[in-house]
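Chemist: One structure is given below, represented as structure tokens, and several questions about it will come after.
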Amino acid sequence: MYSRAFVLLIVPAAAAFCQTPAAAPAARPARVQPPARIVNFKAEPDSVAAGQTVTLTWATENPNSVTITPAPGRVAARGTRVVNPVSTTTYTLTVAGPNNASLTQSVTVKVSGSAQQNRAAATSRPDLSGVYNFAGVRGVAPPTLKPGAEKFRIVRGGAGDVRGNTTLGVDCVPLGIPQTFVTPYPFQIVQTPKFVLQIFEYPNTFRYIWTDGRPHPADPDPTWMGDAIGRWDGDTLVVDSIGFNDRTEVSGYMHTEAFHVLERYKKVDTGLQYDVTVDDPNVFEKPWALPSRVFAARPDLDHVDEFVCENKVDYGKYFEKKQ
């Protein structure tokens, strides 16, 4: 009795071990990567004379790699690059995407003239490199202010002086353009094929003027010295600057971030002739041209000196514990 009952008890258990295993869960379908895509690829301008530059602009989506031939080669998924073709050139954008997919798009830039003309144009430009003295502004006719813009006029030490006393250089910050050129310290110019570098002894700052054909950024971050783009008009360097913050002045007036400066530099026997026009649609009724002046050359100097601008304001009192 007991033996048979034991058998009946263990048989179901044995049968349970012999059952067919449950089917494994179905595998998840592989994730399909979105295909690569060329959003745009253009050259501006697409027709130039020898010696002029061209800006390539491109945007792609989901690429594994992006290249532009014959130059500049491997690039980011989107961006701009300035090129200087010496003859008619076709630029090809190649995008390698998922699953070994490959896309291409081409633009052709027509170049009139020759590489010899290109080199001749470059060598005919005057070299502005050197050290120059500052030059103050005299006989400045006041600008015409827009209605309601009187608040931008600086009254030194007066009740209306909110920011003016901080734009005289006493706090060691850059003075902006063109105010930097009135400080009683020299500045230096270093000219290269792609940019002109200005080095200001006071307050130990610098400024890049790009001459390689690139445009201004679409939305520049406001800075003390702005974003400067230069081009040659014969023997004169013309500089267009935007992207300034609103913390600098120009001959007794504050401005907004819409401030715009147009400068002309021309080499003369005694140094560098400087003409500048400023504008701010929020402040001035029309562009304001300042008197022409000459920065005297300093052939006795081959560089500007180091200037350590040290602020003597004691900030410790602002962090003292209250009794």
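What follows is calculated from the coordinates using simple rules that are stated; it is not laboratory data. Remember, predicted model here, so these are calculated numbers, not experimental data. Note: ideal-geometry Cβ built from the backbone for every residue, glycine included; neighbour counts use all protein chains shown.
Chemist: Just add up the charged neighbours of Pro287: K/R +1, D/E -1, any other residue whose Cβ is under 15 Å from the Cβ of Pro287. Don't skip to the end; give the middle numbers.
Modeler: Details: positive: Lys146, Arg264, Lys286; negative: Asp240, Glu263, Asp275, Asp279, Asp280, Glu285.
Residues near Pro287 contribute -3 overall.
Chemist: I've got another one for you. Per 0.36 nm of contour for each residue apart, how much would the distance between Thr144 and Lys194 grow if the chain were fully extended, relative to their Cα-Cα spacing? Don't skip to the answer; put the middle values down first.
Modeler: Numbers: separation 50, 0.36 × 50 = 18.00 nm, distance 3.71 nm.
Extra length from Thr144 to Lys194 when fully extended: 14.3 nm.
Chemist: What's the exposure ranking of Trp58, Trp232, Trp288, going from fewest to most Cβ atoms within 10 Å? Intermediate results must be reported in sequence, preceding the final value.
Modeler: Working: Trp58 24, Trp232 15, Trp288 21.
The order, fewest Cβ neighbours first, is Trp232, Trp288, Trp58.
Chemist: A follow-up question, please. Fully extended, how many nm does the chain gain between Asp240 and Ser112 (0.36 nm per residue separation, minus their Cα-Cα distance)? Could the numbers behind the result be given before it?
Modeler: Working: separation 128, 0.36 × 128 = 46.08 nm, distance 2.63 nm.
Gain on extension, Asp240 to Ser112, equals 43.5 nm.
Chemist: What distance in nm separates the two pseudo spin-label positions at Arg298 and Thr256, each 7 Å out from Cα along the beta-carbon direction?
Modeler: Going from the Arg298 label point to the Thr256 one covers 3.8 nm.
Chemist: A follow-up question, please. Which entries in Lys146/Lys266; Lys266/Lys286; Lys194/Lys266 show an alpha-carbon gap greater than 22 Å? Please list the in-between numbers first.
Modeler: On the way: Lys146/Lys266 32 Å; Lys266/Lys286 25 Å; Lys194/Lys266 18 Å.
Violating the 22 Å limit, Cα to Cα: Lys146/Lys266; Lys266/Lys286.
Chemist: Along the principal axes of its C-alpha atoms, what lengths does segment 130-296 span, in descending order and rounded to whole Å?
Modeler: Ordered largest first, segment 130-296 gives principal extents of 47, 35, 28 Å.
Chemist: How high is the FRET efficiency between Thr270 and Arg37 when r is their beta carbon distance and R₀ equals 56 Å, given to the nearest 0.05? Write out the running numbers ahead of the final one.
Modeler: On the way: r = 58 Å, r/R0 = 1.04.
About 0.45, to the nearest 0.05.
Chemist: Based on the mean of other Cβ atoms within 10 Å per residue, sort peptides 39-49, 271-281 so the most packed one is first. If you can, show how the numbers build up before the last one.
Modeler: Values: 39-49: 14.5, 271-281: 18.7.
Packing proxy ranking, top to bottom: 271-281, 39-49.
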